[in-house]
Amino acid sequence: MHHGTEGIKLWNSPPTAVFLSSYHLNSYKRSLEGSDGYLVVINTSEEQIKVDLLKDTTQTLPAEGTVLIRSITDTSSATQPGCVVPLNAVPLVGGEGLVLSLAEEDH
């Protein structure tokens with residue numbers, strides 16, 4: 001039961017905008033104190049892009065994240081679940097969305 005309560009707190013926590021300077025890119029971070037955070041990144045354009053999520057952010061982020069899940073239509077080997085991607089160069093194909101796990105540096 002305790003684990004379920006943490007999940008509810010995490011889900012109900014307000015999203016933190018990390019990078020939203022592009023019309024076709026949305027990203028936000030979800031986290032719970034003492035747990036790894038998650039970063040959702042969505043490319044709504046039809047173009048392939050490489051995004052620097054560390055630039056112009058007020059959030060403290062690690063240098064890289066691990067892909068947990070991605071859009072079902074994506075076939076890129078760079079964003080397969082389990083792949084580690086650098087947050088200063090996140091590759092996204094057109095219409096792709098990713099959920100990245102962000103390990104806390106003190107773990």
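Please give me, ordered by residue number, the trypsin sites (Lys or Arg not before Pro) of region 27-59 that lie in loop per DSSP and have at most 16 other Cβ atoms within 10 Å.
Here the sparse-neighbourhood loop sites are Lys55.
Check each of the GluC sites (Glu not before Pro) in region 20-72 and keep only those in coil by DSSP with at most 12 other C-beta atoms within 10 angstrom; list them in order.
Glu33, Glu46, Glu47
Just so you know, all these numbers are worked out from the coordinates, no wet-lab data involved. This one's a predicted model, so the numbers in the text were calculated from it and none came from an experiment. When we count neighbours, we look across all protein chains shown, and the Cβ atoms used for this are built from the backbone with ideal geometry, even at glycine.
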